[in-house]
Amino acid sequence: MIKSKLLTLLSINTLKNGHYQILAGPMLILLILSMMVLPLPAFILDLFFTFNIALSIIILIVALFTKRVLDFAAFPTVLLFATLLRLSLNVASTRVVLLKGHTGSAAAGRVIEAFGHFLVGGNFAIGIVVFIILVIINFMVITKGAGRIAEVGARFALDGMPGKQMAIDADLNAGLIGEDEAKARRAEVSQEADFYGSMDGASKFVRGDAIAGLLIMAITIIGGLLVGVIQHDMTLSDASKTYVLLTIGDGLVAQIPSLIISTAAGVIVTRVSSQDNISEQMLSQLFNNPQVLILTAVVIGLLGLIPGMPNLVFLLFTAILSSLSWWLTKQRKTKQTTQPKQVNAQATTPTNIEATWSDVNIEDILAMEVGYGLIPMVDQTQNGELLSRIRSLRKKFAQTLGFLPPQVHIRDNLSLAPYQYKIFIKGGEIGKGEIVNNKWLAINPGNVTETIEGIPTTEPAFGLPAIWIDESNKENAQILGYTVVDTSTMIATHFNHLLQQFASDLLGRLETQELLERIKQDIPKLVEDFIPGVITLTTFHKILQNLIAEKVSIRDMRTIIETICEHAPTQNDAYQLLSMVRIALGRVITQQWFPGSDPISVIGLNINLERLLLQALQNTSNFEPGLAEHIIEQVKQAINQQEAIGAPPVLLVNHTLRPMLSQFLRQNFPQLAVLSNLEIADNREIKMSTQIGAE
């Protein structure tokens, strides 16, 4: 009892506060149902028909004055209710026509009578033709076109949603917009897609309404003739004149508002978002060019001079278009003469917006640009597989090398090919590739001799020959020895390869500081006075960066920091400290390149070449050009021999020569590791498979 009273009070207070709009929908539904069930007098039918016409005109005018489609987001629902209202009126008027049609042309109300007499002159044959023409225009032209545009608009809105969402995220990350504005823009993008989807479905109601109008007209005419002839003993001629005329009037009263609302639907879906409404857009874009108007006037004038043509009408329009063109030209000249003064006045006003530091965008450390065809692979809302793979690669990278790489900023680039991608570090391109949609990549690892049908290409990560194949050939390619991967795996492999290759560029001072903060959580005493008490952050960053560049993991930060603390008091050179750290990490380095306990096969230096290099190091620290070319050529051959026997490309040299040779050879052979003899674990047997400078 108390609960019901409370609900009653809440309802009364709601209506008092002006929230009576919530009753509009239920009241309209009840009204529609009552018109379908209850017989209505002629006067009430006149009221509802007039209301229907007024409602359709209101909908059309609102559609003309909207600037964006979302300004009339309720249009699909309004379209549904208007269609139901029109059909219920058809049912109610049909009932009245069949019940009281024999009493005269005013039996179904003055509105139907007016449409039946004045619009078609009381001739039911003309009325039928006009009615059918209106239905054809509505059904075949306006509704079909608007429905097709809504369908295509919904498809493009859904396809473009990931790109718009990424653009919003990019603006948010760049600080151009706030979190609230980003949420509003995301909601607007989602609402726009929902709107076009709803319009695609709502257009089917209008098409169904047109078909229902034809069927209702045919049924009413046949039913009226039967009722008039059989029940009321009317002649076939009188029955035809009465019932057909009433039916045509009823159909026209329904079809004209239907045509108006269909036009409104076409206006809504065909408009382009702008600051102007559709009327302003049409006037400004159709009648804004004086050259177009004067050429049109010339053509119309020439047609008006042809004998037998309505010369007066054509020459009248020629004069109107010529006058309008002259007026527009005069307006443009006036604007051009006053424009410099306006510019100078604006230049002196203090309201001009100056550039600020917020206009400066910081370059992303790690970024990837994709064509629009690859957006689904990197879109979070679509569960993009490549996005999850990149996250896994970052995690694996951190676990392997010992520091977390920066987040990858992925953005779409419409200037790229649809299925092309590019990878950047600090704004510089480090790699690119392109996939073939709906294909698999069959990579030849080097031992496949038989080719398969497909598109030849090159695998982007390691430059291996490959073929784009259909999914149906996947199993056959695997049987032949090809390595078959999908597109996301190919891009992820390429990304991971570049990540490893340019890992040292990803370790900046900020990452070094964050790494120290992470170590401080576990072993705070070790790093308490390390920076700047023992070593500067710049030197420490340089040591870590060189370790990463030489493919040495920095996970063992305890050993690295302890070694630096031990040698820093007597040696503050970064490269000397790097050598000490590498010796301390010798067991890890050896295990990295030569896992297990088997003898290790390395590339060595001839004793004579080693002496020559030591002498060059003491004198100039540079190689002679001829000697450098000789070393590069022999190192290339040695790497090929190592690959042939299945051994890693490792060059073992004197501890003093290691920094110089590593820096020199890394530029030409990034896959080569240059190790010092002091870095090899004592319990490992060394075999020299190849010698450089043996000649």
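Among the numbered conditions (1) modelled with pLDDT under 70; (2) farther than 30 Å from residue 224 by Cβ, the only one that residue 104 does not meet is (2).
Residue 491 meets all of the listed conditions (1) at pLDDT below 90; (2) touching a Lys or Arg at 6+ places or on another chain (Cβ under 9 Å); (3) in a helix (DSSP H, G or I) but one, namely (1). Within region 500-511, residues that are surrounded by fewer than 18 Cβ atoms within 10 Å (Cβ to Cβ) sit with their Cβ atoms under 9 Å from residues that are basic (Lys, Arg), at 6+ positions apart or across chains, in these pairs: 500/551; 505/426.
Note on region 85-101: residues that are in contact with an Asp or Glu (Cβ under 9 Å, 6 or more places away or on another chain), more than 17 Å from residue 240 (Cα to Cα) and either at pLDDT below 75 or not basic (Lys, Arg) (or both) total 4. If you filter region 476-494 down to residues that are hydrophobic (A, V, I, L, M, F, W, C) and in contact (Cβ under 8 Å) with a residue 60 or more places away in the chain, you find that the one that is surrounded by the fewest Cβ atoms within 10 Å (Cβ to Cβ) is 492. If you go through region 574-602 and pick out every residue that is open to solvent by less than 20 Å² (accessible area, probe 1.4 Å) and under 18 Å from residue 656 (Cβ atoms), you end up with 9.
Could you list, ordered by first residue, the pairs with Cβ atoms under 8 Å in which the first is in region 442-471 and touching a residue at least 40 places away in the same chain (Cβ under 8 Å) and the second is polar (S, T, N, Q), at least 6 apart or interchain? Correct list of pairs: 442/473; 442/483; 443/483.
Working carefully through the options 469, 430, find the one that is crowded, with 18+ Cβ neighbours inside 10 Å and either under 23 Å from residue 411 (Cα atoms) or at pLDDT 90 or above (or both).
469
Note on region 353-387: residues that are open to solvent by less than 100 Å² (accessible area, probe 1.4 Å), in a helix (DSSP H, G or I) and under 19 Å from residue 433 (Cβ atoms) total 9. Only residues that are open to solvent by 60 Å² or more (accessible area, probe 1.4 Å) and either assigned to a strand (DSSP E or B) or modelled with pLDDT of 85 or more (or both) were counted in region 448-461, giving 4. Count of region 636-665 residues, restricted to those that are farther than 21 Å from residue 552 by Cα and touching a strand residue (DSSP E or B) at 6+ places or on another chain (Cβ under 6 Å), is 2.
Inspect all residues belonging to region 519-535 and state whether any of them is crowded, with 16+ Cβ neighbours inside 10 Å and of a type in the set (S, T, N, Q). Checked against the condition, which is being crowded, with 16+ Cβ neighbours inside 10 Å and of a type in the set (S, T, N, Q), region 519-535 yields no hits at all. I need a count of the residues in region 462-488 that are within 29 Å of the chain's Cα centre (by Cα) and part of a loop (DSSP other than H, G, I, E, B). Of the residues in that region, 2 qualify. Within region 35-60, the set of residues being over 18 Å from residue 92 (Cβ atoms) and either open to solvent by less than 80 Å² (accessible area, probe 1.4 Å) or not in a helix (DSSP H, G or I) (or both) comprises 57, 59, 60.
Listed by position, the strands (runs of 3 or more DSSP E) contained in region 597-695 that have at least 1 residues being of a type in the set (S, T, N, Q) and in contact with a Leu (Cβ under 9 Å, 6 or more places away or on another chain) are 673-676, 686-692.
Yes/no per residue for (1) assigned to a helix (DSSP H, G or I); (2) out of contact with any helix residue (DSSP H, G or I) (no Cβ under 8 Å at 6 or more places or on another chain); (3) modelled with pLDDT of 85 or more:
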| site | (1), (2), (3) |
| --- | --- |
| 542 | yes, no, yes |
| 559 | yes, no, yes |
| 590 | yes, yes, yes |
| 595 | no, yes, yes |
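Being closer than 18 Å to residue 593 by Cα and acidic (Asp, Glu) is the filter; apply it to region 536-571 and report the residue that is surrounded by the fewest Cβ atoms within 10 Å (Cβ to Cβ). It comes out as 556.
Filtered by the rule that a residue be more than 30 Å from residue 472 (Cα to Cα) and exposed (fewer than 15 other Cβ atoms within 10 Å of the Cβ), region 414-427 gives 414, 415, 427. Only residues that are at pLDDT 75 or above, farther than 22 Å from residue 82 by Cβ and either open to solvent by less than 40 Å² (accessible area, probe 1.4 Å) or touching a helix residue (DSSP H, G or I) at 6+ places or on another chain (Cβ under 7 Å) (or both) were counted in region 190-231, giving 7.
Return the total of residues in region 392-410 being surrounded by 14 or more Cβ atoms within 10 Å (Cβ to Cβ) and assigned to a helix (DSSP H, G or I). I'd like the intermediate steps shown before the answer.
Start the filter on region 392-410 by keeping residues that are surrounded by 14 or more Cβ atoms within 10 Å (Cβ to Cβ), which leaves 393-394, 397, 401-410.
From what is left, the residues that are assigned to a helix (DSSP H, G or I) are 393-394, 397, 401.
Residues in region 392-410 being surrounded by 14 or more Cβ atoms within 10 Å (Cβ to Cβ) and assigned to a helix (DSSP H, G or I): 4 in total.
Name, by its number, the condition in (1) closer than 27 Å to residue 365 by Cα; (2) open to solvent by 40 Å² or more (accessible area, probe 1.4 Å); (3) of a type in the set (S, T, N, Q) that does not hold for residue 437. The one condition residue 437 does not meet is (1).
The values are calculated or read from the model by the stated rules, or taken from the named source; none is laboratory data. Values in this document were obtained by computation on a predicted structure and should not be read as measured data. When we count neighbours, we look across all protein chains shown, and the Cβ atoms used for this are built from the backbone with ideal geometry, even at glycine. These area figures cover heavy atoms from the full protein model, side chains too; ligands, DNA and RNA do not enter into them. Shrake-Rupley method; radii C 1.70, N 1.55, O 1.52, S 1.80 Å.
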